Each structure stands twice: as C-alpha cells, then as structure tokens.
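Please read the structure below before turning to the comments.
Since every read-out is calculated from the coordinates, none of them should be taken as a lab result. Computed from a predicted model, the values in this text were never measured in an experiment. So basically every Cβ, Gly included, is an ideal-geometry build from the backbone, and we count neighbours across all protein chains shown.
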Amino acid sequence: MRAANEALIVIDVQNDFCPGGALAVADGDAIIPEINALMDDFSTVVLTQDWHPAGHSSFATSHTGKTPFDMIDMPYGPQVLWPDHCIQGSTGAEFHKDLRLEPAHLIIRKGMNPTIDSYSAFFENDKATSTGLVGYLKDLAVSDVTLVGLATDFCVHFSAIDAATQGFNVTLRETACRGIDMDGSLGAALQAMRNAGVTIA
Ligand code: VGL
Ligand code: ZN
C-alpha cells in the first residue's frame, strides 16, 4: 500500500473506448488487469466517466456537413468532432464489465454541459469550469497522483497537464494507458506531458 498522499485516477475505462465501442481505442481493454491490480495499492481511487447528453456539441452529428475527426472552432478554442459516444445511460457509457468498481472512492462524471467538451478530470475544455476534483484531492491531503486509462492523447493527457498545473506530482503509467493517435497526437501528448513535468513511467 502506498502512502495516503497518493491517489490513483482511472480515466474513462468505458465500453465506448474499448474494442467494439463507438470511439474504440486499439487494445483499450488490455489495460484493465493492470489497473485492477494497481487499485489495491492506493488508499484513494478516483474513476472518471465521460457522460455526454445526446446531441452534445462535441459530436460530429450535431454539426451539419461535418464528419467524425473534423475540427471546428468553439468559443473556447479548437475542438475535434467525435462519433456519438458515452451518452448518459447508454451501454457505451458504462464502465467496462471487467473494471473493478468497488475500490473506487469517487466517480467523477464529465462532459455533461451540452456546449463544452471536457477531456480533463479537473476542468472542462474552457479551462475554467471545475469538476471539483482538485478540491476533493486537496481536502484529502493528496499531493501525488498516478494516471491510467483512456485515451492517452486526450482525456489522460489533459488530466495530467491540469494536475501538474494544480501543483500535484503527476505520474503517467504508460503501460496502463492506450491512445487514439490521430495525426501524431500520441507523440505530441507525451511530449507536452513531459514538458509540464509529468513523469512517464
Ligand atoms: C475522450 C474523446 C472524446 C477520452 C473522451 O476519454 O480520451 N476522447 N471524449
Ligand atoms: Zn467524450
């Protein structure tokens, strides 16, 4: 068991990001045994769940003439358009059946605002709207976070950068993450995380 100041944050291990899902990450389910084992080492375990209303503004289907993986400009900056995924209450939004849920202390749902996407476990893509996770972790005197999950280059990446910016010591456990890798986004994300002081383990 690690010290009480360390938390494990498990990002978006949901059906839609696993093989067969709407936004499947290659081998997304392969990380589950390692994550399940890691949970026993941490006294604080947080899961995140991408949780969009139908018709969310990050879906290509919400924009005429657009297809998945096109880019658009949102008021808060450039946004990738995704296939419809992780719709609230759908099977795709459920955690993968093999992921252990009973060790989780907190489940953070994100992406619920119809007009703002939310990759990070900490802040929506406007970089201003908090999910409350910083306050939760700081109240528990957590100073170090280990991040695992899906997808390395989107939700894990943005969570890692925000955690570092908020003053946490951040480790990305790369073997327990998988990426989408759209136009080199995986390499760019790893570099951006290193630049932000994230330890890639
Ligand atoms: C994610 C794209 C859209 C992720 C979530 O979990 O990385 N990516 N929504
Ligand atoms: Zn999403």
Review point. What's the extension gain from SER130 to ASN36 if we count 0.36 nm per residue and subtract their Cα-Cα distance?
Key: 31.1 nm
Check your understanding: For the chain, modelled as a Gaussian network with Cα springs under 10 Å, which listed residue fluctuates most, VAL170, VAL46, VAL80?
Key -> VAL80
Study note, to complete from the structure: LYS138 neighbourhood, Cβ < 15 Å, K/R = +1, D/E = -1, net charge -4
Point to revise | Length released on extending from GLU94 to ARG2, taking residue separation times 0.36 nm less the Cα-Cα span | key: 30.3 nm
Practice item. Determine the sum of side-chain charges near GLY179: Lys and Arg each +1, Asp and Glu each -1, restricted to other residues whose C-beta is under 11 angstrom from that of GLY179. Key: -3
Check your understanding: By how many nm would the segment from ASN195 to SER143 grow when fully extended, if each residue of separation counts as 0.36 nm and the alpha-carbon distance is taken off?
Key -> 16.8 nm
Exercise for review: State the Cα centre-to-centre distance between the range 79-111 and the range 1-55 in whole Å.
Suggested key: 9 Å
Practice item. Would you calculate the separation in nanometres between label points at SER62 and ILE107, each defined as 7 Å from the Cα along the Cα-to-beta-carbon direction? Key: 2.2 nm
Check your understanding: Computed on alpha carbon atoms, what radius of gyration and Dmax characterise the range 69-201, expressed in Å?
Key -> 14.8, 41
Exercise for review: Between MET71 and ASN169, with labels modelled 7 Å along Cα→Cβ, what's the label distance in nm to one decimal, could you check?
Suggested key: 3.6 nm
